[in-house]
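Each remark here refers to the structure printed beneath this line.
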Amino acid sequence: MSFVKNAWYVAGWSRDFDAALRALTIVGETLVFFRASDGELVALEDRCPHKLLPLSRGKRIGDTIQCGYHGMTFGRDGKCVRVPGQDNLPKSAYVEAFPVEERHGIVWVWMGDRHKADTSKIFDMPEFSDPNWHVHHGDGLHIRGHYLNVAENLVDPAHVSFVHPTTLGSAASEDVPVHVSTSGEVIAAWRWIRNAPPVGFFQKFGGFSGNVDRWHYYYLHLPSTAVIDFGSADAALNLPEEQRDQGVRIFALHFVTPVTEDYTIDYWMHLRNTAVGDHAASEQMDAMFRVAFAEDKEVLEAIHIEEQRPQKRKPIRIAIDKAPNVYRKRIRDLIEAEATEDLGEPERPTFVQLD
């Protein structure tokens, strides 16, 4: 499968998890989650090692899970603590336990080698803790499509004019050049549309009546977290790029979680520098985002269907594909690196490297 395993993926919002057993599939593996008695989240392999019944079909007994078939019971660390009818516990009687971290109401799970799980690598940004910014969790958009198509759509400002003509984009931006930077760890694409009518989103939410300067900055963090910095300001202000906070500025965050090769969940939320603490504004924005993201879903699912059919010729690539092309190469490199083991520099090698 074309998944990066050594990475933190979003399993959902903190509000979605309680004491009940909940099964979720992430990068092709099914896990069972539950909130332990001390409030900590637990994530275990959802498959009893005896007859392979999912543990999520069993039941909680304190902070353990009892398999619903023969009663084998597993602790929060995945180790078997009871085998009914015998006293000895086989060493192979365990399920894998996955590192889980909760931050800012977001649940992250590490899907790879647990010894490489570094919580400092979890996505964060200062606006999460800034009282001048409002943090609002949205939904999970379920898409019948491959996660790479979903993620690269989120580093592509050019599609907005055509897929979202009444919500996030308009014809005014069709021929405005897109700038791309792939030199750093984060892939970026952006453009400004100067002195143009506000798009539907900012007509409703920003309250602009005259022309605006508006921007889209797309940042893609590997393997599949996207940040879209977008907003508008009165064109008369002629704001420079570094003063975007003076306009109505929004960060739309997309945590793209691969489920299988054919199924992806895009957990989306936003941060904004206006209407702080206004619940009604959050609901209004959610409604507009749902319309726009449904437009993405329709396109991405149609593409996935066509990708499964025989191709008569190779797909073409055009100028706007620079960022997606770099993204896919980096994902391939990560997957290849995980498929091999680096033994380090050799001691007393029997070969001599001349170049």
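Tabulated data for the structure shown
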quantity	calculated
Top-ranked residue of the stretch 170-195 - restricted to ones that are crowded, with 18+ Cβ neighbours inside 10 Å and farther than 29 Å from Ile331 by Cα, ranked as modelled with the highest pLDDT	Ile193
Residue pairs meeting the criteria (Cβ under 8 Å; at least 6 apart or on separate chains; first on the phi < 0 side of the Ramachandran plot, in the stretch 285-296; second of a type in the set (Gly, Ala, Ser) and part of a helix (DSSP H, G or I))	Met288/Gly200
Qualifying position, being more than 30 Å from His146 (Cβ to Cβ), in contact with a His (Cβ under 8 Å, 6 or more places away or on another chain) and not assigned by TED's automatic domain parsing to the domain that holds His134, among Pro90, Pro84	Pro84
Selection status of Lys329, assigned to a helix (DSSP H, G or I) and surrounded by fewer than 22 Cβ atoms within 10 Å (Cβ to Cβ)	yes
Condition met for Asp156 (closer than 27 Å to Glu307 by Cβ and buried (at least 17 other Cβ atoms within 10 Å of the Cβ))	yes
Filter result for His164 (at pLDDT below 90 and more than 16 Å from the chain's Cα centre (by Cα))	yes
Of all residues in the stretch 6-49 being among the basic types (Lys, Arg) and part of a strand (DSSP E or B), the one that is farthest from the chain's Cα centre (by Cα)	Arg35
Every residue from the stretch 19-44 that is of a type in the set (S, T, N, Q) and in contact (Cβ under 8 Å) with a residue 60 or more places away in the chain	Thr25
Qualifying residue in the stretch 295-303 (condition: in a strand (DSSP E or B), over 25 Å from Asp130 (Cβ atoms) and not polar (S, T, N, Q))	no
Qualifying residue in the stretch 98-107 (condition: assigned by TED's automatic domain parsing to the domain that holds Val299, part of a strand (DSSP E or B), at pLDDT 95 or above and of a type outside the set (D, E, K, R))	no
Selection status of Asp139, surrounded by fewer than 21 Cβ atoms within 10 Å (Cβ to Cβ) and within 30 Å of Pro198 (Cα to Cα)	yes
Count of the stretch 120-153 residues which are touching a Pro at 6+ places or on another chain (Cβ under 8 Å) and either basic (Lys, Arg) or farther than 30 Å from Ile305 by Cβ (or both)	0
Residue match in the stretch 255-264 (condition: assigned by TED's automatic domain parsing to the domain that holds Gly145, outside any loop (DSSP other than H, G, I, E, B) and among the charged types (D, E, K, R))	no
Number of the condition not met by Phe289 [criteria: (1) surrounded by fewer than 14 Cβ atoms within 10 Å (Cβ to Cβ); (2) assigned to a helix (DSSP H, G or I)]	(1)
Residue match in the stretch 63-71 (condition: touching a helix residue (DSSP H, G or I) at 6+ places or on another chain (Cβ under 8 Å) and charged (D, E, K, R))	no
Index of the failed condition, Ala294 passing every other in (1) under 30 Å from Gly184 (Cβ atoms); (2) modelled with pLDDT of 90 or more	(1)
Residue count, the stretch 122-136 (criterion: of a type outside the set (Ser, Thr, Tyr) and either farther than 17 Å from Val107 by Cβ or loosely packed, with under 14 Cβ neighbours inside 10 Å (or both))	9
The stretch 50-97 - residue that is surrounded by 14 or more Cβ atoms within 10 Å (Cβ to Cβ), touching a residue at least 40 places away in the same chain (Cβ under 8 Å) and farther than 15 Å from Leu31 by Cβ and, of those, nearest to the chain's Cα centre (by Cα)	Arg60
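The values are calculated or read from the model by the stated rules, or taken from the named source; none is laboratory data. Treat the numbers as computed from the prediction; the structure is a model and nothing was measured. Glycine also receives a Cβ, built like all others from the backbone with ideal geometry; neighbour counts cover every protein chain displayed.
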